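The structure appears below as structure tokens.
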Amino acid sequence: MTQAPRLKWTRKDLLGIEELSREEILLILDTAPQFVAVSARESGIKKVPLLQGRLVVNWFYEPSTRTRTSFELAAKRLSADTLSITASASSAVKGETLHDTLANIEAMHTDIVVIRHSYAGAPHILAQRHPSHIVNAGDGRHEHPTQALLDAFTMREHIRAVRQDPAAQLDGLRVAIIGDITNSRVARSNIWCLTKLGAQVTLCGPRTLIPPHIERMGAVVTTDLREAICDADVIYALRIQFERQQNCLFPSVREYIRLFRVDQESLRLAPPHALVMHPGPINRDIELAAEVADSARSVILRQVTNGVAVRMAIMHLLVNSGRGGDGA
Amino acid sequence: MSLVIVNGHVIDPASARSERADVLIEGTRIERIGKGLKGGKTIDASGCVVCPGFVDIHVHFREPGQESKETIASGSRAAARGGYTSVVPMPNTAPPIDNAGMVEFVIRRARETACVKIWPSACATKERAGQEMTEMGELKDVGAVAVTDDGSDIASSWVLRRVLEYADMCGLTYLAHCEDASLMEGGCMNEGYNSTRLGLPGMPREMEEIRIDRNIRLAALTGAKIHIQHVTTAEGVEIIRRAKANGVRVTCETAPHYWMLTDEAVTTFSTNAKMNPPLREAADVAAIRAAIADGTIDCIATDHAPHTFTDKDVEFHLAPFGIVGLETALGLVLTGLVETDLISLERAVELMTIAPARILNLPIGMLREGGPADIVVFDPKKEWTVDPAVFASLSRNTPFAGETLRGQVKATLCDGNVVYQLA
Amino acid sequence: MNSDNGPVCETTVVMEAIAMAAAIHRMAQEIVAANEDVSSLAFLGILSRGRPLAERLAAQIDQMTGVAPPVGSLATTLYRDDLRAGVGTVKIGGGTTHFAFPIDGKTVVLVDDVLAAGRTIRAALDEVMDYGRPARIQLACLVDRGGRELPIQPDYLGWSVATRPDEWVSVRLREMDGQDIVLLERRSLTDGEGGS
């Protein structure tokens, strides 16, 4: 059994990890296990009525099957009604402003709006001016808080099982994040989340893809894969995007593979117990070798499963903590 | 009828005057400056400073082309409200001011609609494309007072060299917007810890500094005058300082937001913290302040850049650069520079009057008997709160909304007419 | 359900260990008498104290009939209506629903220590139905303190006591609290979780 903290959730929105305290993060992580159980029900309905009668809108400016379906499933398993809006189908194409689009959505009485946007700060400026509970599903390069939370949850779930300690936390855990750090909101949110939980973060990637001053966020930086993973408990590979090549950021995919790919060969440099994680979708054999992705070290599918539970926990906390939203 | 401004503290840096005195105005001219003067109408300037109307050599009035943001008329009213009697609008309008007809258009519109003096600038290259020089000789003849491609730098060193030589020949100063745009990949704020933390593409200082250096070197090569616009970085100031010491004919300006704010202001993603060049970090603010104190910065220019609420009410990435500045300048100068004992009140007035006037050789920025009655009366101690809703400008994009500043304009006179008076 | 409102001002003993054992024994007899086919019984103890009570009932039935009905736990936290209204606080980590047997076609006996408003039982009914389709559901409670807000009544009851709004029934079990006793506590009222 896990601890039962008495902290109450007080925020209207979940916009990022940077502003959360360690206690708030743990509240989410400790709320999630009961939702893991709901999704794991073998016989019986994988649903609880916590968001019955509530409306959750998924508003995605960028295409994303994985995150969008995870949020949709989470909402449905809480018995909420869901609605998905993709930007290409919405008025954004006709030039409607961000604020107008949300106001129009809210006129239909929404409770939660999950938004993914290509520009940093979009969820933040919306949250300031609109009453819905806003969940940031990724804003440009800035943050992807639910990803970091499900990643931390997965890491903790694993170490609790391995150490047979149901109260273990992430303090002292060594996590190496490998890849295009500059363009990664997953990296930023993970740095905040892991450092607040007491873990040590090492970032590794081509120099051209490491943003200036990122050490000030609390991470160690190296461009040497061996150095990054030689004592890592978790190796987290980020997706590399091919378009970057044209911008003179790295010379070729081939070179990237040689220097930074997480594969059987590079894993020989890592401790045998090290976990392999990836936010998905994977470019097989580019940043992560196929056999590693499918190996016993990999908890990538666990991340996906936990993603639904963590998102259920977040939506429940936002709506049922007694503030904001339409039906409060 | 004559008008007399009484009981004020007259500051005129051009004549090194700073004393209690009255100013008598007859028609459009200053008749006398002295003690115990009397006239037909009276303006009581007790507790106030009486000085030359301020001069802003860097504003953006959006006429022609984007009149919903600002017109020459509304911009002039904003100027008057801020204590300015002369402004130099930049030529990056739509279409740009790159030929004599457009200069004449600005002059005509100013004559018809403006309440303060408009001194037009013109583009240095046709369409601001950085390729072909404009006909600067003719532009000067029809009334342009400076040339600039402001909004952009001239990318080709060859072209800039020739522009500097030719402008100097025509007696025009080149106003240099220093920016190496190739270092910027969609940048929208200073490159530093905050841009990394917020996930916003950055604009490194080097973008500005590389071009300040290059532009000054070309000025030195040609012997021409060059004026560096909106300086924001410590190193930029240092480059200018060294160039001056080496005898290069360089002057420079900075805007109030560069000594008031840092890139921390971007944290809330408010687009009123987005301008080009961007807000920098604390060390740069300190260096700008030091440069103002030691005279490396020659004058203050607001870079007044109006945008409608709708234009700015978008995602940070997409918002246009710029903030308004005419109506908050005095307050920010006094609050940020004088109240903090960085410079004296007299020096502050100098930076806003005769100093910018001299850079462009304009016959303004001073109080002299027989000269034009371009005067501002302001209360240096009065506290007031910035409320964009009462701005005379058509635009409201200021990061200082709700701030309490010290130093408020009481009255502005242009050619002897009261063009603004605090209610 | 034990509540953590306000400080206790006064305590009265309602049932001592012997009376509790006798009540549980009687309830077991009633369950056997009411259900011909003991092998169709399945006990779900409502966390937290319903579980040990359910185990005791099952053990008694095993002694009486030689058949030991299976016992599981029901958390009900995710089904509480006060959570949906944003009134209650999520009590996390209080245990999760867990039972290792199918319930379709069974006679499910819900077991709780104290019955009050009836909302916990309502939540338990909703949760059980989400897991399958029992043939019937029955309710066994050790103590009924009254204050019903829903039309829910126990099939098997240990003891009934009338209470005032500022009085709470607190059941202690040796499995969890080291002793068997039922107390009537008068507390100062504070805002908090609704009654069960």
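The values are calculated or read from the model by the stated rules, or taken from the named source; none is laboratory data. As the structure is a prediction and not an experimental result, all values here were calculated from the model. Note that we place each Cβ from the backbone using ideal geometry, even for glycine, and neighbour counts take in every protein chain shown. To get the accessible areas, we keep the full protein, side chains included, count just its heavy atoms, and leave off ligands, DNA and RNA. Shrake-Rupley method; radii C 1.70, N 1.55, O 1.52, S 1.80 Å.
How much of the accessible area of chain B, in percent, comes from carbon and sulfur atoms when a 1.4 Å probe is used? If you can, show how the numbers build up before the last one.
Details: 7210 of 14600 Å².
Ligands and nucleic acids excluded, carbon and sulfur give 49 percent.
Cross-link candidates for B:Lys126: which aspartates and glutamates have Cα within less than 16 Å, leaving aside residues fewer than 8 places away along the same chain?
Partners found: B:Asp98, B:Glu135, B:Glu138, B:Asp149, B:Asp150, B:Asp153.
Between B:Glu206 and B:Thr310, what is the spin-label point distance in nm, taking each point 7 Å from the Cα along the Cα→C-beta axis?
That separation, rounded to one decimal, is 4.1 nm.
Which parts of the stretch B:199-232, residue by residue, lose 50 Å² or more of accessible area when the rest of the protein chains are there, as against the chain isolated (1.4 Å probe)?
Listed in order, they are B:Gly199.
No solvent, one uniform scatterer per C-alpha: report log10 I(q)/I(0) for the stretch A:181-223 via the Debye equation at q = 0.35 1/Å, two decimals.
These q points yield log10 I(q)/I(0) values of -1.42.
Around B:Gly371, what is the net charge, scoring Lys/Arg as +1 and Asp/Glu as -1 over all other residues with Cβ under 14 Å from its Cβ? Can you show the working numbers first?
Values: positive: B:Arg17, B:Arg29, B:Arg32, B:Lys117, B:Arg368; negative: B:Asp12, B:Glu26, B:Glu31, B:Glu369, B:Asp374, B:Asp415.
Neighbour charge sum, excluding B:Gly371 itself: -1.
How big is the B/A interface in buried accessible area, both sides summed, 1.4 Å probe, to the nearest 100 Å²? Intermediate results must be reported in sequence, preceding the final value.
Working: alone 15580 and 14550 Å², together 28260 Å².
Separately minus together, B and A give about 1900 Å² buried.
At 1.4 Å probe size, with every protein chain present, just tell me what the per residue accessible area of the stretch A:169-328 comes to in Å².
On the way: 6370 Å² over 160 residues.
About 40 Å² of surface per residue is accessible.
Among the lysines, which have Cα under 18 Å from the Cα of B:Lys41 when same-chain residues fewer than 8 positions away are ignored?
Of all the lysines, those that pass the test against B:Lys41 - Cα under 18 Å, at least 8 places apart if same chain - are B:Lys410.
What are the trypsin sites (Lys or Arg not before Pro) within the stretch A:261-299 that DSSP puts in a loop, where the Cβ has at most 11 other Cβ atoms within 10 Å?
On the way: sites: A:Arg261, A:Arg268, A:Arg284, A:Arg297; in loops: A:Arg261, A:Arg268, A:Arg297.
For trypsin sites (Lys or Arg not before Pro) across the stretch A:261-299 that sit outside H, G, I, E and B with at most 11 neighbouring Cβ atoms in 10 Å, the list reads A:Arg268.
Counting every Cα pair in the stretch A:1-67, what percent are over 13 Å apart? Display every interim value, and only then the final one.
Numbers: 1702 of 2211 pairs.
Every Cα pair in the stretch A:1-67 considered, those over 13 Å come to 77 percent.
For n ≥ 4 DSSP H runs only, could you compute -39500 (n - 2.57) per run for the protein assembly as shown, divide by its residues and tell me the 222 nm figure to the nearest 500? Mind dumping the intermediate values first?
Values: 29 runs with 294 residues, N = 947.
That comes out to -9000 deg cm²/dmol.
Could you tell me what fraction of 2.2 N^0.38 Å the Cα radius of gyration of the stretch A:44-163 comes to, as a two-decimal ratio?
Numbers: Rg = 15.6 Å, N = 120, 2.2 N^0.38 = 13.6 Å.
It is 1.15.
Taking only protein heavy atoms and a 1.4 Å probe, what accessible area per residue, in Å², does chain B have with all protein chains in place?
Details: 14600 Å² over 423 residues.
I get 35 Å² per residue for chain B.
If you roll a 1.4 Å probe over the stretch C:1-80 with all protein chains in place, what percent of the accessible area is carbon or sulfur? The partial results should precede the final answer.
On the way: 1800 of 3460 Å².
So the carbon and sulfur contribution to the accessible surface is 52 percent.
Tell me, what is the per residue accessible area of the stretch A:1-139 in Å², probe radius 1.4 Å? Walk me through the intermediate numbers first.
Numbers: 5440 Å² over 139 residues.
Spelled out: the 1.4 Å probe surface of the stretch A:1-139, per residue, equals 39 Å².
On the Cα set of the stretch B:141-245, report Rg and Dmax in Å, please.
Over the stretch B:141-245's Cα set, Rg and Dmax evaluate to 15.1, 51 Å.
Tell me: how much accessible area in total is hidden between A and C, 1.4 Å probe, Å², nearest 100? Intermediate values should be presented prior to the final figure.
On the way: alone 14550 and 9600 Å², together 22180 Å².
Using a 1.4 Å probe, the pair buries roughly 2000 Å².
Dipole magnitude of the protein assembly as shown about its Cα centre, charges +1 at Lys/Arg Cβ and -1 at Asp/Glu Cβ only, in debye to the nearest 20? Mind dumping the intermediate values first?
Numbers: 99 positive and 118 negative charges, 21 e Å.
Using Cβ point charges on Lys, Arg, Asp and Glu, the protein assembly as shown gives about 100 debye.
Go ahead and set up a Gaussian network model of chain A, Cα springs under 10 Å, then flag whichever of A:Pro271, A:Pro212, A:Pro63 fluctuates most.
Top of the fluctuation ranking is A:Pro212.
Checking a compactness column here: for the stretch B:1-75, what do you get for Rg(Cα) / (2.2 N^0.38 Å), N being the number of residues? Intermediate values should be presented prior to the final figure.
Numbers: Rg = 16.6 Å, N = 75, 2.2 N^0.38 = 11.3 Å.
Relative to the rule-of-thumb radius for its length, the stretch B:1-75 sits at 1.46.
Once label points are set 7 Å from the Cα along Cα→Cβ at both C:Ala135 and B:Arg111, what is their separation, rounded to one decimal in nm?
Between C:Ala135 and B:Arg111, the label points sit 10.6 nm apart.
Over the stretch A:26-123, what percent of the accessible surface lies on carbon and sulfur atoms, probe 1.4 Å? Write down the numbers at each step before the final one.
Values: 2000 of 3720 Å².
Of the solvent-accessible surface of the stretch A:26-123, carbon and sulfur hold 54 percent.
Residues with beta-carbon under 11 Å from that of A:Arg129, excluding A:Arg129: net charge, scoring Lys, Arg +1 and Asp, Glu -1? List each step's numbers first, then the result.
Values: positive: none; negative: A:Glu106, B:Asp313.
Its environment carries a net charge of -2.
So for the stretch B:1-133, what percent of the C-alpha to C-alpha distances run longer than 20 Å? Don't skip to the end; give the middle numbers.
Values: 4841 of 8778 pairs.
Tail of the P(r) past 20 Å holds 55 percent of the pairs.
Starting from a Cα-only point model with no solvent, please compute log10 I(q)/I(0) by Debye for chain B at q = 0.08, 0.13 1/Å.
Log10 I(q)/I(0), no solvent term: -0.40, -1.11.
Which value, in debye to the nearest 20, describes the size of the charge dipole of chain A about its Cα centre when Lys and Arg Cβ atoms bear +1, Asp and Glu Cβ atoms bear -1, and nothing else is charged?
Working: 38 positive and 35 negative charges, 83 e Å.
I would put it at about 400 debye.
Go from 0 up to the bin containing the longest alpha carbon distance in the stretch A:115-234, width 5 Å each, and give me the % of pairs per bin.
Pair shares across the bins are 2, 11, 19, 20, 18, 13, 9, 5, 2, 0.
Roughly how many Å² of B:Lys382 are accessible to a 1.4 Å probe, to the nearest 10?
Solvent-accessible area, nearest 10 Å²: 80 Å².
By per-residue mean of other Cβ atoms within 10 Å, what is the highest-first order of A:136-142, A:100-106, B:66-72?
Working: A:136-142: 26.6, A:100-106: 16.9, B:66-72: 20.6.
Per-residue mean Cβ counts within 10 Å order the peptides as A:136-142, B:66-72, A:100-106.
Compute accessible area for the stretch A:26-67 by itself and then with all protein chains, 1.4 Å probe, and report residues whose area falls by 50 Å² or more.
With the partner chains in place, the stretch A:26-67 has these residues losing at least 50 Å²: A:Gln34, A:Arg41, A:Pro49, A:Leu50.
With Rg and the Kirkwood Rh both taken from Cα atoms, where does Rg over Rh land for chain A?
On the way: Rg = 19.5 Å, Rh = 20.3 Å.
Answer for chain A: 0.96.
Per q in 0.21, 0.23, 0.26 Å⁻¹, report the Debye log10 I(q)/I(0) for the stretch A:249-316, using one uniform scatterer on each alpha carbon and no solvent.
Scattering profile of the stretch A:249-316, log10 relative to I(0): -0.88, -0.98, -1.13.
According to the square roots a ≥ b ≥ c of the eigenvalues of the Cα gyration tensor, what is the shape class of the stretch B:290-384, taking rounded for a/c under 1.5, prolate for a/b larger than b/c otherwise, and oblate for the remainder?
Numbers: a/c = 1.89, a/b = 1.62, b/c = 1.17.
Prolate, since a/c reaches 1.5 and a/b exceeds b/c.
For every other residue with a beta carbon closer than 14 angstrom to the beta carbon of C:Thr107, add +1 if it is Lys or Arg and -1 if Asp or Glu, then tell me the sum.
Working: positive: C:Lys106, C:Arg133, C:Arg136; negative: C:Glu30, C:Glu36, C:Asp37, C:Asp104, C:Asp155.
That sum, taken over residues with Cβ under 14 Å, equals -2.
Mind jotting down the three principal axis lengths of the protein assembly as shown based on Cα atoms? Whole angstrom, largest first.
Reported extents, whole Å, longest axis first: 120, 70, 46.
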